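Just below is one structure, and these are the notes that go with it.
The values are calculated or read from the model by the stated rules, or taken from the named source; none is laboratory data. Everything numeric here is computed off the predicted structure, so don't read it as measured data. A quick note on method: Cβ atoms are made from the backbone with ideal geometry, for glycine too, and the neighbour counts reach across all protein chains shown.
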Amino acid sequence: MKTGELDILILPGLGGGTENHWYRRWNSKLKTARIVDQENWLAPDRDAWTNNIVAAAKSADRPVFMIAHSLGAAALTHAAPHLSDANVVGAMLVAMPDLTTVQELIPETDGFLPASTAPLSFPSLMVASRNDFYCSYQRAEETALDLGSLLIDAGEQGHINDESGHGPWPEGLMALSKFLTRI
């Protein structure tokens, strides 16, 4: 599939990301992409976040592909069981957090526990860093296995956000493009 044939839903993590974040840049470059906004980016409510994801997917006009970062990826795993009647054809999960670690560092995220580990009903690609302070690589491997995701080892890339030097992140776009050819 090509990006122009899809409704691309971008699911930011905690805080919603800066304008320099790679997913905000992708949103401005990919003509069929849009950010799924959340009412409160700093005090996340799991039910509200997942309901917004489900509503956005069900209102799409074309097949849906989701690009999710960090807590947005965790929210997608919670939303996934409610997406069976939406036309979701795949997802890219970037810097999936270990929710136990995140909750210890950011108590406002405790509503996302327990983590959803049910296999996704659509193809997914997970990109994980070996030195992400929100998730060990070993935990990312376990999560990818649980979800049925293809795992890409990004090397030592931090949390794969603008703070770790991932403004435009062309390597991510290449991984996305390659994955879409498989769908």
**Complete:** Flagged in region 149-182 as outside any helix (DSSP H, G or I) and closer than 19 Å to Met1 by Cβ, in numbering order, are Ser149, Leu150, Ile152, Thr181, Arg182
**Request:** Please determine, by comparing only the residues of region 103-128 that are β-branched (Val, Ile, Thr) and without any contact (Cβ under 8 Å) to a residue 60 or more places away in the chain, which one is surrounded by the most Cβ atoms within 10 Å (Cβ to Cβ).
**Result:** Val127
**Prompt:** What is the one condition in (1) closer than 18 Å to Phe179 by Cα; (2) surrounded by 15 or more Cβ atoms within 10 Å (Cβ to Cβ) that Gly17 does not satisfy?
**Reply:** (1)
**Prompt:** Do we find a residue being at pLDDT below 95, surrounded by 14 or more Cβ atoms within 10 Å (Cβ to Cβ) and among the polar types (S, T, N, Q) anywhere in region 154-162?
**Reply:** yes
**Only listed residue being touching a strand residue (DSSP E or B) at 6+ places or on another chain (Cβ under 8 Å) and in a helix (DSSP H, G or I), chosen from Leu9, Leu93, Leu76** = Leu76
**Request:** Might you let me know whether region 44-59 holds any residue that is basic (Lys, Arg), in contact (Cβ under 8 Å) with a residue 60 or more places away in the chain and surrounded by fewer than 24 Cβ atoms within 10 Å (Cβ to Cβ)?
**Result:** yes
